[in-house]
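All remarks here apply to the structure that follows.
The values are calculated or read from the model by the stated rules, or taken from the named source; none is laboratory data. Since this is a predicted model, take the numbers as computed values, not measurements. Positions of Cβ are backbone-derived with ideal geometry, glycine not excepted, and every protein chain shown enters the neighbour counts. With ligands, DNA and RNA removed, areas are computed over all heavy atoms of the protein, side chains included. Shrake-Rupley method; radii C 1.70, N 1.55, O 1.52, S 1.80 Å.
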Amino acid sequence: MPSSKAVPSSRTHLPEWRAVADHARVSGQLPLRELFAADHHRAERLSFEACGLFVDHSKQRLNDGTLPLLVQLAQACGLRDRIDAMFAGGRINATENRAVLHVALRAPRTESITLDGQDVVPGVHEVLDRMAAFCDRVRKGEWLGHTGKRIRTVVNIGIGGSDLGPVMAYTALRHYADRELAFRFVSNVDGTDFAEAVHGLDPAETLFIVSSKTFTTQETLANARTARAWALAALGAEAAVAKHFVAVSTNAKEVAGFGIDTANMFGFWDWVGGRYSMDSAIGLSTMLAIGPERFRELLAGFHAMDEHFRTADFEQNLPVLQGLIAVWNTTFLGAHTIAVLPYDQYLARFPAYLQQLAMESNGKRVTLDGRVIDDYETCPVYWGEPGTNGQHSFYQLIHQGTRLIPCDFIGFLKSLNPVGRHHDLLMANCFAQAEALAFGKTTAEVRADGVPEDLVAHKTFPGNRPSTTILAERLTPHVLGSLVALYEHAVFTAGAIWDVNPFDQWGVELGKVLANRIVPELESGTEPTLDHHDPSTAALIRRYRAR
Ligand code: F6P
């Protein structure tokens, strides 16, 4: 008897999917030179603006039909319902049975967002207010260490979302930071990370923030224990912990078990994913650096983009378009990676932050209803470095390699550090790279330069390499919030098209389990049985033990 259980249908069966796929075959290779020549208003038509961000998609491989077809696909994939469900507190993280409400973290006090009949916004502001009071005390020198000295250095201990957001935000907003306070970040379980982070620090003037959503993460707990031992070795009394350690977590029990008074804990909730948590209490180091007021500006920037994402028509919706173009480039045009290229040194850690945001969210091969995806590609690899540095290392491949690498250029009209001609030089390079990628240099143009025939092919730039350019007036907390929210919601949009759950991360589990099994094999004094390992792993373990 045939099973009554319906076989989940692939996105590829949607007529709207097939329409985009057909369109990609016919139009996906159209040269940007021709597209621009045919439409003098292309740059204006394909540029969009909201929340302080100007986004030019005109150098993407899009013709008149592309965005309408992608928008139809988004509608057919139920993107509108998914957005509404997220903002309404629906348990859209189905595999973990959780709501996804990072948007509530930046909702103003006057708004209400309910989860299971309860408004979560007052709780968010209660924590923000506690954070603000704490940060004011530290910043004003009123929070004193165990020996009565003021705090001079803040060390955030965390990993993944409990590190990348804080590091990225601190680096990005350093211009606004209180320079009387130094900030360091420890994430790796490699002891070198801790040793270098505390090098030269006075324990009596150091405050550790142990940041971990679960407070069970091996690396973070190992670093936190080492930090406690380091601090107590100098400060003596256990009572010093209360003055030199605070925790950020959802897990009060584990925090107390570790020995940090929960009065010194700033909480958040299971409906905030780690990679969506930089604006929760996980942003404590950010608030300590830039102060509560500027942190609120950051939240306002996030919120502005949330509202735009929630309400704007898809045709004008920045995150929707960004997400759809990522799907277009990767799933339909075959790109395997997307390069994120900020032309601003303050955004040096933005690509690393985006890697977790995008790849831990959408790096999935199973649909929400459990079907293995074998007929289309999902999330690409995100990577990047600030310009102009990257130009002198990997841009060669983007310009003339055999691979298609769509790029996101991010730049600012005004520098926070206007020094001579530097900003003009920086932005000239940013604009030039996007131009060179799109239009290239033809063989005829190379010949016209008098290049010897044997070098003509080498000096030809094929062009037609897609990019988006994102510009803002200057890098402020508000703009950073909008920029991060742009990518958060673009990732959400792409996840909806790929039909995956962007909010779980089961793929990180197996390695953790195996590492926990190997730890005693490395530490045990007696020769362990390694029969349960493959021959390669067993040999590596033996070699390590024989050191
Ligand atoms: O292992 C992956 C992960 O769970 C990430 O999703 C998370 O951001 C990181 O580890 C750190 O987790 P926690 O904040 O619970 O220590």
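By what distance, in whole Å, do the Cα atoms of segment 1-98 stretch along each of the three principal axes, largest value first?
Here the spans come out as 59, 40, 17 Å, largest first.
Taking every DSSP beta bridge that has both residues in the chain, what percent is antiparallel when rounded to the nearest 5?
Details: 13 of 43 bridges.
Around 30 percent antiparallel, to the nearest 5.
So how strong a dipole does segment 1-125 carry about its Cα centre when Lys and Arg Cβ are +1 and Asp and Glu Cβ are -1, to the nearest 20 debye? Walk me through the intermediate numbers first.
Details: 15 positive and 14 negative charges, 78 e Å.
That gives segment 1-125 a dipole magnitude of about 380 debye.
What is the dipole size for the chain, taken about its Cα centre, with +1 at each Lys and Arg Cβ and -1 at each Asp and Glu Cβ, in debye to the nearest 20?
Computed charge dipole of the chain: roughly 720 debye.
Sort segment 360-475 into rounded, prolate or oblate with this rule: let a ≥ b ≥ c be the square roots of the eigenvalues of the Cα gyration tensor; rounded if a/c is under 1.5, and if a/c is not under 1.5, prolate when a/b is larger than b/c, oblate otherwise.
oblate
Report the gain in length on full extension from GLN218 to HIS532: 0.36 nm times residue separation, minus Cα-Cα distance, nm rounded to one decimal.
Numbers: separation 314, 0.36 × 314 = 113.04 nm, distance 2.29 nm.
Contour length minus the Cα-Cα distance gives 110.8 nm.
Return the FRET efficiency for the residue pair ALA263, ALA515: r is the Cβ-Cβ distance, R0 is 35 Å, and the value is rounded to the nearest 0.05.
Working: r = 34 Å, r/R0 = 0.96.
Once the sixth-power term is evaluated, E becomes 0.55.
So for segment 428-547, taking the charge dipole from beta-carbon charges (+1 Lys/Arg, -1 Asp/Glu), which of GLN433, GLY507, LEU471 sits furthest toward the positive end?
Positive-end residue among those listed: GLN433.
Of the accessible area of segment 390-497, with the probe set at 1.4 angstrom, what percent is carbon plus sulfur?
Values: 2680 of 4680 Å².
Percent of accessible area from carbon and sulfur atoms in segment 390-497: 57.
Report the label-to-label distance for VAL456 and ASP129 in nanometres (one decimal), using points 7 Å from each Cα along the Cα→Cβ vector.
7.5 nm
Probe of 1.4 angstrom, ligands and nucleic acids ignored: what's the accessible area per residue over segment 229-280, in square angstrom? The partial results should precede the final answer.
On the way: 1850 Å² over 52 residues.
Value returned for segment 229-280: 36 Å² of accessible area per residue.
How many angstrom separate the Cα center of segment 55-71 from the Cα center of segment 303-347?
12 Å
What trypsin sites (Lys or Arg not before Pro) in segment 166-263 are in a loop by DSSP, with at most 15 other Cβ atoms within 10 Å of the Cβ? Mind dumping the intermediate values first?
Values: sites: ARG174, ARG179, ARG184, LYS213, ARG225, ARG228, LYS243, LYS253; in loops: ARG179, LYS213.
Those satisfying the criteria are ARG179.
What is the Cα coordinate range of the chain on the first, second and third principal axes, sorted by size from largest, in whole angstrom?
78, 76, 60
If one puts a single equal scatterer on every Cα of segment 304-381 and applies the Debye formula without solvent, what log₁₀ I(q)/I(0) results at q = 0.15, 0.16 Å⁻¹?
Relative scattering, expressed as log10 I(q)/I(0), comes to -0.69, -0.78.
Tally up the carbon and sulfur contribution to the accessible surface of segment 111-150 as a whole percent, 1.4 Å probe, everything protein left in place.
On the way: 970 of 2100 Å².
Carbon and sulfur: 46 percent of the exposed surface of segment 111-150.
Going toward the positive end of the dipole of the chain, with +1 on Lys and Arg Cβ and -1 on Asp and Glu Cβ, which of SER27, ASN362, SER277 do you reach last?
SER277
Which trypsin sites (Lys or Arg not before Pro) in segment 73-161 sit in a loop by DSSP (not H, G, I, E or B) and have at most 11 other Cβ atoms within 10 Å of their own Cβ? Don't jump to the answer; show the numbers that get you there.
Values: sites: ARG80, ARG82, ARG91, ARG98, ARG106, ARG109, ARG130, ARG137, ARG139, LYS140, LYS149, ARG150, ARG152; in loops: ARG91, ARG109, LYS140, LYS149, ARG152.
Loop-located and lightly packed - ARG109, LYS140.
Under 23 Å between alpha carbons, and skipping anything fewer than 8 positions from LYS364 in its own chain: which lysines qualify?
Hits, sequence-local ones excluded: LYS213, LYS512.
In nm, give the distance between the simple-model label positions of ARG542 and ASP119, each being 7 Å from the Cα along the Cα-to-Cβ direction.
Placing both labels 7 Å along Cα→Cβ, they lie 6.7 nm apart.
Rank VAL138, SER10, SER482 by how far each Cα sits towards the positive end of the charge dipole of the chain (+1 on Lys, Arg Cβ; -1 on Asp, Glu Cβ) and give me just the farthest.
Result: VAL138.
For segment 198-274, give the percent of accessible area contributed by carbon and sulfur heavy atoms, probe 1.4 Å, rounded to a whole number. Working shown, then result.
Numbers: 1490 of 2890 Å².
With neighbouring chains kept in place, the figure for segment 198-274 is 52 percent.
Hey, what's the Cα Rg ratio for segment 85-188 versus the globular rule of thumb, 2.2 N^0.38 Å? Numbers along the way, then the final one.
On the way: Rg = 17.4 Å, N = 104, 2.2 N^0.38 = 12.8 Å.
Compared with the compact-globule rule of thumb, segment 85-188 sits at 1.36.
Along the Cα→Cβ direction, 7 angstrom out, place labels at ALA428 and ALA85. What is the inter-label distance in nm?
5.2 nm
Could you do me a favour and compute the accessible area per residue for segment 385-520, 1.4 Å probe, result in Å²?
Values: 6200 Å² over 136 residues.
On a per-residue basis, segment 385-520 sits at 46 Å².
Kindly report the accessible area of segment 1-102 per residue (heavy atoms of protein chains, probe 1.4 Å, no ligands, DNA or RNA), in Å².
Values: 5250 Å² over 102 residues.
Accessible surface, normalised per residue, equals 51 Å².
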